[in-house]
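Below you will find the structure I want to go over with you.
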Amino acid sequence: QVQLVESGGGLVQAGGSLRLSCSVSGMIFGITAMGWYRQAPGKQRELVASITRGADINYGDSVKGRFTISRDNAKMMMYLQMNSLKPEDTAVYYCYADWRDRYWGQGTQVTVSS
């Protein structure tokens, strides 16, 4: 199994930046892909960014050019650098990892004020 713990959420003004972190533990050598989703109140969970074991990266259309996903295998960490934040980025952000099944973190709240 895989365990994931997010951190780094908070309140920021529009135009500001935040960096989310996701600590990964467990059967990490079997992970085929990781990434971030977010869910705003009353909306479906949407893909923010993903990265495969081969380092192929994909971004949701709404965050392209503003968010950057990265990972540090040595530290067993994944990051989401979020720049030029907008109020519509307000959501709970979840990191995930695919290893046979999809594993999720508990989520971290990001609130962007206008």
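The values are calculated or read from the model by the stated rules, or taken from the named source; none is laboratory data. Note that the structure is predicted; figures quoted are calculated from it, not measured. Don't worry about glycine lacking a Cβ; one is built from the backbone with ideal geometry, like all the others, and counts go over all protein chains shown. Each accessible area value is taken on the protein alone, full model and side chains, heavy atoms only, with ligands, DNA and RNA left out. Shrake-Rupley method; radii C 1.70, N 1.55, O 1.52, S 1.80 Å.
Considering only residues that are more than 12 Å from the chain's Cα centre (by Cα) and either in contact (Cβ under 8 Å) with a residue 12 or more places away in the chain or under 16 Å from residue 101 (Cα atoms) (or both), look in the stretch 47-57 and name the one that is most open to solvent (accessible area, probe 1.4 Å).
Residue satisfying both the conditions and the ranking: 53.
Within the stretch 72-88, how many residues turn out to be at pLDDT 95 or above and open to solvent by 70 Å² or more (accessible area, probe 1.4 Å)?
Of the residues in the stretch 72-88, 2 are at pLDDT 95 or above and open to solvent by 70 Å² or more (accessible area, probe 1.4 Å).
Could you tell me whether residue 91 is small (Gly, Ala, Ser), open to solvent by less than 80 Å² (accessible area, probe 1.4 Å) and modelled with pLDDT of 95 or more?
Criteria met by residue 91.
Determine whether residue 44 is in a strand (DSSP E or B) and exposed (fewer than 15 other Cβ atoms within 10 Å of the Cβ).
It is false that residue 44 is in a strand (DSSP E or B) and exposed (fewer than 15 other Cβ atoms within 10 Å of the Cβ).
List every residue pair whose Cβ atoms sit under 6 Å apart, with the two residues 6 or more apart in sequence or on different chains, where the first one lies in the stretch 68-84 and is without any contact (Cβ under 8 Å) to a residue 24 or more places away in the chain and the second, anywhere, is open to solvent by less than 50 Å² (accessible area, probe 1.4 Å) and not charged (D, E, K, R).
70/79
Check the stretch 62-69 and report whether any residue there is open to solvent by 20 Å² or more (accessible area, probe 1.4 Å) and of a type in the set (Lys, Arg).
Checked against the condition, which is being open to solvent by 20 Å² or more (accessible area, probe 1.4 Å) and of a type in the set (Lys, Arg), the stretch 62-69 yields at least one hit.
Restricting to the stretch 1-23, and then to whatever is modelled with pLDDT of 95 or more and β-branched (Val, Ile, Thr), can you tell me which residue is least open to solvent (accessible area, probe 1.4 Å)?
Per the criteria, the residue is 12.
Restricting attention to the stretch 28-41, report how many residues are over 19 Å from residue 84 (Cβ atoms), more than 13 Å from the chain's Cα centre (by Cα) and surrounded by 14 or more Cβ atoms within 10 Å (Cβ to Cβ).
Here the count works out to 2.
Would you list the strands (runs of 3 or more DSSP E) that sit entirely within the stretch 55-105 and hold 1 or more residues that are within 23 Å of residue 1 (Cα to Cα)?
67-72, 77-82, 91-99, 101-104
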